[in-house]
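The structure under discussion appears below in the form of structure tokens.
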Amino acid sequence: MTRARILALLILLLAFPPGCARNAPGDDHGHDHAAGESDDHPDDHGHAHGEGESWAVTSWGEHFEIFAEADPLTVGETANSHTHVTVLDGFQALLEGKVSAVLRRPGLADQVFTQNAALRPGIFDIAITPESEGPFDVLFVVDAGGVTEEIPCGEVIVGTAGHPGELVSRAPEPDGEVISFLKEQQWRMDFRTEWSARSTIRESIRGTAQLKPAAGGEMLLTASIDAIVRSSPWPYVGLSVSTGSTVFSLGARGSQGKTLGELEAFVTQKRGEMELAKSRVARLEGLLAVEAVSDAEVARARSELETLEAQYESARRQLRSGEGAGKGAGASVDVNAPFAGEVAAVLVMPGEAVSAGQVLGRVVRVDPVWVDVHVAPQDADRVAKGIEGIWVRPIGADDAVFYESAKLVSLSPEVDAKTGRVECLIEIEQGDRRLRIGSAAEAEILVPATRAGIVLPSTAVLDDHGTSVVYAQVDGENFVRRDVNVVGREGNKLLVEGIEPGKRIVTDGGASIRRASLIGAGVGHGHVH
């Protein structure tokens with residue numbers, strides 16, 4: 001190669017450095033977005049960016065997000081707006097609908113340019129041919145799915161052939177490295193953004209917890225006589241049972257381990273225990289009226305009475321069955337559910353020979369249940385002053401479940417020597433939101449106090465090697481990382497410092513943006529439309 005050719009190549013490289021070319025929107029080539037874009041936005045919830053020949057805007061309405069990349073606007077010439085439309089409910093690409101670009105200026109009729117069909121899912125190419133030059137408000141109108149929304153997107157200048165138009169306002173460069181994450185990527189995954197805003201969370205007391213049956217809400221079912229377990233009816237774990245329904249059926253054997261006299265004595269014993277419990281409940285209710293006992297003590301006494309009443313009725317049924325069994329071989333003895341609940345365990349097999357007193361299975365009452373929470377000693381007094389609900393998140397679950405009608409049953413008077421915690425029992429009505437009895441969980445007991453600040457969904461905050469971070473949206477396809485400090489929590493909401501109100505924050509999909517930042521570190525980005 002001659003010295004002249006080498007010199008010519010050097011001049012070309014200096015004149016056109018790699019990575020400086022920028023294709024107009026609508027070309028079938030990759031294009032770079034401006035690096036000098038910010039996550040700030042004007043009051044209309046949109047911000048503009050662009051440089052030189054082409055421009056782009058991003059704006060959000062109530063139902064749709066607009067990300068438009070356009071050629072410069074010149075009077076009498078057609079420019080293309082490559083318009084990405086996202087349905088915010090579900091954050092999906094708009095598949096069908098009508099999208100219009102509008103140029104508006106007081107005193108002039110609106111110039112409306114419409115595209116009735118998507119080029120590809122979420123992408124509408126709109127041909128804009130301005131009729132007059134000068135400044136115009138630019139906005140987009142989306143008509144889809146029975147919803148029509150007008151979304152302001154800032155102000156543009158329509159120029160002439162000698163002086164092409166441009167955006168009136170340019171956003172400052174963002175503080176931090178810009179991360180590219182394309183619309184096509186966002187639309188293919190669980191992704192969502194929301195505005196950061198000031199709100200309040202209720203203060204809570206956190207502790208480890210376990211779910212257990214309420215008092216009297218768990219009972220072993222035993223054989224009343226020596227018998228063979230019949231195959232029908234046959235219970236299974238999770239079977240719902242009503243009070244008095246047959247759970248097991250026993251076929252009497254010739255020689256019984258428990259006589260009718262013993263069954264009669266058992267009925268008499270249970271009747272006596274039940275009458276004593278009734279007297280105790282009546283006495284405690286009288287003391288409660290003068291505030292001489294706690295609500296929790298009365299509740300326990302009532303629960304014990306209910307259990308003894310169920311045991312008494314079960315014993316009476318067993319006696320009647322035993323009397324029937326004594327009248328002939330093959331007589332049946334039913335083992336009945338003492339209360340409405342579910343079968344938690346089946347401990348025998350069909351045809352198995354069992355002895356009187358042998359455990360056959362177990363039933364539990366699934367509603368209400370108790371949440372056994374262990375809290376720090378310094379928080380126990382705050383719990384005692386009253387609670388306003390409880391969040392419960394079983395270990396391994398993604399989301400916590402809130403129970404507003406939670407009721408404090410009791411608070412231990414002592415600190416557990418092994419754990420250094422104070423035990424408190426909270427009763428919840430589950431309804432349709434089932435938590436499994438025996439589950440270990442994390443609990444947040446809400447107390448009567450609030451804290452104000454920027455509140456984000458917990459899914460928005462990621463742990464990046466010990467640092468809490470969120471990702472703020474600069475424009476349709478660019479994001480920046482922001483470090484935050486988590487200062488409070490209520491269930492699935494976090495109170496954070498380090499973010500101002502009015503930022504568009506990624507609330508689902510932040511982990512994918514983080515991966516994109518690691519993969520693309522130091523590498524230019526582009527994609528094909």
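For region 151-174, which residues satisfy the criterion of being in a strand (DSSP E or B) and over 16 Å from Thr86 (Cβ atoms)?
Across region 151-174, the qualifying residues are Pro152, Gly154, Glu155, Val156, Ile157, Val158, Gly159, Leu167.
Going by the conditions given, is Lys385 of a type outside the set (Asp, Glu) and under 30 Å from Val363 (Cβ atoms)?
no
Which of the residues spanning region 456-480 are aliphatic (A, V, I, L, M) and touching a helix residue (DSSP H, G or I) at 6+ places or on another chain (Cβ under 6 Å)?
Of everything in region 456-480, those that are aliphatic (A, V, I, L, M) and touching a helix residue (DSSP H, G or I) at 6+ places or on another chain (Cβ under 6 Å) turn out to be Leu462, Val470.
Can you find a residue in region 464-487 that is within 18 Å of Arg202 (Cβ to Cβ) and outside the structural domain of Glu69 (by TED's automatic domain parsing)?
Yes, there is a match, as at least one residue in region 464-487 is within 18 Å of Arg202 (Cβ to Cβ) and outside the structural domain of Glu69 (by TED's automatic domain parsing).
What is the residue count in region 469-483 for residues that are surrounded by fewer than 23 Cβ atoms within 10 Å (Cβ to Cβ) and closer than 26 Å to Thr450 by Cα?
Final tally of qualifying residues: 3.
Working only within region 67-120, note down all residues that are assigned to a loop (DSSP other than H, G, I, E, B), surrounded by 15 or more Cβ atoms within 10 Å (Cβ to Cβ) and within 37 Å of the chain's Cα centre (by Cα).
Leu88, Phe91, Leu94, Gly97, Ala118 - these are the residues of region 67-120 that are assigned to a loop (DSSP other than H, G, I, E, B), surrounded by 15 or more Cβ atoms within 10 Å (Cβ to Cβ) and within 37 Å of the chain's Cα centre (by Cα).
Inside region 214-229, can you point out the residues that are assigned to a strand (DSSP E or B) and buried (at least 20 other Cβ atoms within 10 Å of the Cβ)? Lay out the reasoning, then the answer.
So the first thing to find is which residues in region 214-229 are assigned to a strand (DSSP E or B), and the list is 218-222, 227-229.
Residues satisfying the conditions are Met219, Leu221, Ala227, Val229.
Which one is surrounded by the most Cβ atoms within 10 Å (Cβ to Cβ) among residues in region 44-66 that are of a type in the set (Gly, Ala, Ser) and modelled with pLDDT under 95?
If we take residues in region 44-66 being of a type in the set (Gly, Ala, Ser) and modelled with pLDDT under 95, then Ala56 is surrounded by the most Cβ atoms within 10 Å (Cβ to Cβ).
So that you can scan it fast, the table gives a plain yes or no per residue for (1) touching a Lys or Arg at 6+ places or on another chain (Cβ under 9 Å); (2) of a type in the set (Ser, Thr, Tyr):
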| position | (1), (2) |
| --- | --- |
| Glu442 | yes, no |
| Ile445 | yes, no |
| Thr450 | yes, yes |
| Gly453 | yes, no |
| Gly476 | yes, no |
| Arg481 | yes, no |
| Asn485 | no, no |
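Just to be sure before I move on: is Arg206 surrounded by 14 or more Cβ atoms within 10 Å (Cβ to Cβ), at pLDDT 90 or above, of a type in the set (Lys, Arg) and assigned to a strand (DSSP E or B) in the structure I sent?
yes
For region 121-137, what are the residues that are part of a strand (DSSP E or B) and either among the aromatic types (Phe, Trp, Tyr) or out of contact with any Asp or Glu (no Cβ under 7 Å at 6 or more places or on another chain) (or both)?
Passing the criteria: Ile123, Phe124, Asp125, Ile126, Ala127, Ile128, Gly134, Phe136.
Name the residues in region 116-142 that are out of contact with any His (no Cβ under 9 Å at 6 or more places or on another chain) and closer than 19 Å to Glu184 by Cβ, would you?
Ala117, Ala118, Pro121
Which of the residues spanning region 132-154 are more than 18 Å from Pro121 (Cα to Cα) and in contact with a Cys (Cβ under 7 Å, 6 or more places away or on another chain)?
Val138, Leu139
In this structure, does Tyr403 turn out to be buried (at least 19 other Cβ atoms within 10 Å of the Cβ) and either under 30 Å from Ile513 (Cα atoms) or small (Gly, Ala, Ser) (or both)?
Taking the combined requirement at face value, the residue does not satisfy it.
The values are calculated or read from the model by the stated rules, or taken from the named source; none is laboratory data. All of these numbers come straight from a predicted model, not from anything done at the bench. Neighbour counts run over all protein chains shown; Cβ positions are idealised from the backbone, glycine included.
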